[in-house]
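Single-structure report; data block below.
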Amino acid sequence: MSTFGKGCHLHLIDGSAFIFRAYHALPPLTRKSDGLPIGAVSGFCNMLQRYVDGDHGPDAPTHLAVIFDKGSHTFRNDLYDLYKANREAMPEDLRPQIPLTRQATEAFNIPCKELEGYEADDIIATLAHQARDAGGRVTIVSSDKDLMQLVGDGVEMFDAMKNKRIDRDGVFEKFGVFPDRVVDVQALAGDSVDNVPGAPGIGVKTAALLINEFGSLEELLDRAEEIKQPKRRQTLIDMRAQIELSKRLVALDANTPLDFTLDELELRDPDPEKLLGFLAEMEFRTLTKRIADKLGAEAPVIPEAPAPAAQAEDAPAPEQVAFDPANYECVRDAAALAKWIAQARERGWVAVDTETTSLDEMRAELVGISLAVEPGAACYIPLGHRDGDANDLFGSDKLAEGQMPLQEALDLLKPVLEDDAILKIGQNMKYDAKIFARHGIDVTPIDDTMLMSYAMHGGKHGHGMDALSEMYLGHVPIPIKPLLGSGKSAITFDKVAIADATAYAAEDADITLRLWQLFKPQLHRVQVTTVYETLERPLVPVLAEMEMHGVKVDRDVLSRMSNAFAQKMAGLEAEIHELAGEPFNVGSPAQVGEILFDKMSLPGGTRGKTGKYSTPADVLEDLATEHEMPARILDWRQLQKLKSTYTDALQGHINPETGRVHTSYSITGANTGRLASTDPNLQNIPVRTEEGRRIREAFVAEPGNVMVSLDYSQIELRILAHIADIPALKQAFADGLDIHAMTASEMFDVPLDQMTPEIRRRAKAINFGVIYGISGFGLARNLRIPRAEAQEFIDRYFQRFPGIRTYMDDTIAFAKEHGYVQTLFGRKIHTPEINAKGPHAGFARRAAINAPIQGTAADVIRRAMVRMPGAIRDLPAKMLLQVHDELLFEVAEDAVDATIAAARDVMEGAADPAVRLDVKLVVDAGRGANWAEAH
DNA sequence: GACATCACG
DNA sequence: GACGTACGTGATGTCC
C-alpha cells in the first residue's frame, strides 16, 4: 500500500446527491418477491457501476469514497435552529432505501463514510484539504453549489449529470467570484433551499458585485457606510449579525474529526461473490448479469418469484439511449419526411412539437415542426426560417435555403395528425394544437406529458419540460436563451440558424417521447388514469376552441373610461399633494408610508421585510375613518388599478385580426385543479365595486347575440356539506335556504326572521373561513373583532357542526400519512410541506384543508366544460370564458333560452355519474348585451 | 427581479 | 409556549 501523495487522485462521491438523482430518475420500482421499494437503490447501483467503469482519462481515480450525511442535527442547527427547516420530508418509499445504498456501496467495495453531527459536505471538505495538502488531486462528484468553495489548487468538481468538470472558472461563472470568496457571496445572498437567511433583497449578482468591489465580506461590512445605494447600505448595517451568522452556516468545516486516513480510500476491486450476492438479493437481473460478465464470474440465479401484483417489475429500460444532437435529422424534402411518417404509422405514435415566432398562439407563425418516434430518433422539419442577416435590409426577410414549402409539409402531415390510429404526443399540446388548427389541422388523438405529470405529481413541482427532463430523465435540455438572446437584441425563432434549431427542436420532441414512455405506465400505478383521461386531457380541445374564439371587447368603451380615470386621478393627486404639503409619488407605497407615518405621525405604521412601511388597503381604511389623506390615497389606488390593469392594458390585448381578446388558460397552473388565465387574465375582471363592474360593459356580444352567464351557487359550501357530512348544512341546501343566514341562526340562536345583516355577515365570514382552514387570528382580522371573540365564534361553530372538525383533523392526518390529499373525483394534490417544522406547517395544513373542497369544485366545472361542446353542438352558442364557478357564453338572441336550459343541465349534473353528491348543485343564469348585464 | 399591492373566485 | 396565519390565482408599478 502506498502513501497518499503526489500523483494520487482522490474522487469523492456525494452520496445523497446520487440517491436523490436515482430516486427521481426512475419509476417507483419494487422488489418482485416482497414489494420492497428499490428504484433508488437500482439507480444508485447503476450510477456507481457506470462511474467506476467509466473512462476518466487523465482524471482517473486512484482513491475513491462515497460520503453520506448522517443524522439530521448538526452544529449548524445549534447556530441557527431554522437551518434547513423548510426541507421537505423524505418520501415514504425512499426512506427504507437509504440503508440499502450504504450496503450497495460496501458491496462495490468502495469506502462508505459518514459522521454523526456533520454533513457530508464537511467530510468532503476535510478530505479535500488533506488530499490537497498531501500534494494530490481531488475530484468532488457533485454539482452542489455549497461545495464550490472547495475548488482550486488541484480540487475540481465533476457534474455527473452534465458530464462536465467544474474548475475555478466554472465557479466564477456561477457565483461571479472565485472559490475563495464563494462563502462571502453565499453569506450575503442566503439560500432559500437550506434556509440560510443572508441579507434581504440581495441576490447572488449583487453580492458578487459588492464582494468584488470591497475585496471581502469583512471589509464590506466594516466599510458599509461607503455603499452608495441608501437601502443597500442600511440593510448591510442593520443585518450585520444575520449576515455573519449566514457565513458560519455556509462555510464548510474542513476539520471534522475523521477516524480513517486517505490511504484507506485506495481504489480496490470488488469481491465478486459479495457484490453479486447483494445485487441478486435486490433482484436486479440486468445489472447482476452485466457485472457478472465483466468480472468473469457466474451470475447467481435469481429465483423467479411469482409476481404478487402485475405492477411489480424489473427496471423497464435502465439502458438509456444517450442524448446526442448528431443523431437528429434535419428533414428538407418530401422523401425524407415520408420516411418519418412511415415510422409513425408503423408504431402508432409520434411525439410532435412546433416552433413558432411567438408564445401567443393567435399571432405565432409556424417556423418548424419536430417529430420523435423512439428515444434518440427525432427530426426537425424547418419550414419558415429566414436568413437572419440584420445588416442586409433586402435579404433579411427571405426564406432560408433548404426548406420544403410549408404547405407541402402540412399536406403530408395532416393525414397523420388527424389519424385516429396514430397517437400524437406533446408537451403542452394545447399550444401546438392551436397552431395546427390555424392551418386547418385538427390534431387527434393526443397525449400530453405536461398533463400526465400534473395528474401524477400535482403540488410537488412544476410541469415544464425543462424541469421534467432534468428530474425524470436526468438530462438538462439545450436552453433556448442562447439561441434567441434576450432584451432588445432578442430574435424570433425564424431567425435561428437551421442547424441550431434542429439540435434544439428535435431534442424537445425526443424528450417529450421519453417522458411519455416513462409516464404512461406510471399513470395507473399512481391511480390517476381516470383523472388524466376525464379531467385533464379532454380539456385541451375545449380550451383551445374557447381561446381561439375569444371574447369581443369594445375598445371605445375602455378608452373613454381610461380618459375619465386619468382626469379623476389628476385631481386626487393634486389634492393628496396639497394635504401632504409636498409633492411625492402616490404610487410608491414606501413614500406613502413615510408621509403618513413619519411626517403626519399617524398610528399603525408597520414595516415589511425590506424595512419599508407597509400600507395595504385595510390599514389605510382604518386610518380613513379619521383622516382625509388615506381615504384619497385609497381612491387614487383604485383608479390606478382599474386604469393600468384593465382599461389601458386590455386594449393592447385586442387582436387586430379578430377584434377580440384571446386569453390563454393554463391547465396545470393551479395546484388544486383550477384553471389559471393569463395574457390577459380574464378571471379577475372587476365586479365587486360599481366603478370596477362597469369595465365588464366593454365585454360585449356581436350584433344579434347576447352574453349569457351561468354560475354555480355556493358550490364550495355545498361540497363542504357533502364531504364533511354536515346534516344541518345539507338540509339547508335541500330547503333552498339562505345558507349564511341559516348558519348565523344556528350559531347565534337568532331566529331567521329576526336576522340582521351584521350577524349574517359574521356567519358568512366564518363559512368562508372554514373553507380556507380557519384560524382565530385570520377571522379576527377579517371581521375586525378581537381575537378572543373570533376564537369563540369558531369554537361555537365547531360545536354546532362537529363534522367540520372531524373533516379537518382527518384531512390533515391523511396528508401527513400520504403526502397528498384528494378530491371526490380522485385528483391528488400533493402537500410536500405538511410534515415540515416552522411556519410552513401552518400554511400547508390550511392548504390541505382547502384543497379537496376547492379542487372538487374545480373538477366539477371541468367535467361540465368537457361535456358542454356536445350539449350545445346544435345551438348557435359559443362558450367563451371560465371564471372558476362561472361559464360565459355568446349566444344568438333566439337561442338564449335553449342554451341556458342545455348548459344548466350539464352544469347541475356535472358530478354524475362518477360521484353521487348528497347536495344538489344549483346554477344561476343571467343574460344581457354585455358581461355586466349577464352576470 | 423582488416586493408590495390589489383584481377575481 | 411562541410563531405567524384565512385558500387559490395574475398583473402592475416601484425600486434596486
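The values are calculated or read from the model by the stated rules, or taken from the named source; none is laboratory data. It should be emphasised that the depicted structure is a prediction, and the values quoted were computed from it without experimental measurement. Cβ placement follows ideal geometry from the backbone for every residue including glycine, while neighbour counts extend to all protein chains displayed. Just so you know, the surface numbers come from the protein's heavy atoms only, side chains and all, with ligands and any DNA or RNA stripped out. Shrake-Rupley method; radii C 1.70, N 1.55, O 1.52, S 1.80 Å.
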Ranked packing of A:264-274, A:245-255, most packed first, by mean Cβ within 10 Å: A:245-255, A:264-274
Rel. contact order, % - alpha carbon contacts under 8 angstrom, at least six apart, segment A:325-526: 29 percent
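Pop the C-beta distance of A:Ala421 and A:Glu329 into the FRET formula with R0 = 25 Å and round what comes out to the nearest 0.05.
About 0.55, to the nearest 0.05.
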HN-Hα J in Hz across segment A:30-43 - Karplus 6.51, -1.76, 1.60, θ = phi - 60°, x for Gly and Pro: 10, 6, 4, 5, 9, x, 4, x, 9, x, 5, 5, 4, x
Rounded to the nearest 10 Å², the accessible area of A:Asp500 at probe 1.4 Å: 80 Å²
Rounded FRET efficiency, nearest 0.05, which uses the C-beta distance separating A:Lys205 from A:Glu244 and R0 of 25 Å: 0.70
Residues whose placed amide H lies under 5 Å from that of A:Phe4, excluding near-sequence neighbours: A:Asp263
By average C-beta atoms within 10 angstrom, highest first, the peptides A:564-572, A:178-186, A:604-612: A:178-186, A:564-572, A:604-612
Efficiency of FRET between A:Glu304 and A:Phe843 - r from beta-carbon atoms, R0 30 angstrom, step 0.05: 0.05
Cα centroid separation - segment A:234-290 against segment A:547-563, whole Å: 60 Å
Between segment A:731-804 and segment A:107-167, the alpha-carbon center distance in angstrom: 59 Å
Spatial separation of Cα centroids for segment A:856-887 and segment A:627-695, in angstrom: 22 Å
Per residue accessible area in Å² of chain A, where ligands, DNA and RNA are left out and the probe is 1.4 Å: 45 Å²
Listed residues A:Ile211, A:Pro197, A:Thr235: farthest to the positive end of the dipole of segment A:196-271 (Cβ charges): A:Thr235
Relative contact order computed over chain A (Cα-Cα under 8 Å; 6+ residues apart), in percent: 10 percent
Top positive-direction residue, dipole computed over chain A with Cβ charges, set A:Gly176, A:Leu245, A:Ala40: A:Leu245
Exposure of A:Arg637 as accessible area (Å², to 10), given a probe of 1.4 Å and all protein chains: 60 Å²
Label-point separation in nm, A:Asp34 to A:Thr3, each point 7 Å along Cα→Cβ: 4.8 nm
Accessible area of A:Leu875 in the full protein assembly, 1.4 Å probe (Å², nearest 10): 50 Å²
HN-Hα J in Hz across segment A:709-714 - Karplus 6.51, -1.76, 1.60, θ = phi - 60°, x for Gly and Pro: 10, 10, 9, 5, 8, 6
Segment A:Glu264-A:Arg805, length gained on full extension (0.36 nm per residue, minus Cα span): 188.9 nm
Solvent-accessible ranking of A:Phe519, A:Phe323, largest area first, probe 1.4 Å: A:Phe323, A:Phe519
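Hey, if we sort A:Ile774, A:Ile595 by accessible area with the 1.4 Å probe, largest down, what's the order?
Highest to lowest solvent-accessible surface, that is A:Ile774, A:Ile595.
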Gained length - A:Val750 relative to A:Gln640, 0.36 nm times residue gap less alpha-carbon distance: 35.3 nm
Charge dipole of segment A:715-855 about the Cα centre (unit charges at C-beta), most positive-ward option of A:Ala848, A:Gln791, A:Thr743: A:Ala848
Segment A:62-109, accessible surface, carbon-and-sulfur percent (1.4 angstrom probe): 51 percent
In order through segment A:725-736: 3J(HN,Hα) via Karplus (6.51 cos²θ - 1.76 cosθ + 1.60), integer Hz, x for Gly, Pro: 6, 9, x, 5, 5, 4, 5, 4, 5, 4, 7, x
Pairwise label distance in nanometres, A:Asp442 with A:Asp222, each label 7 Å out on the Cα-Cβ vector: 7.6 nm
Contour minus Cα-Cα distance for A:Asp897 and A:Glu213 (0.36 nm per residue): 239.0 nm
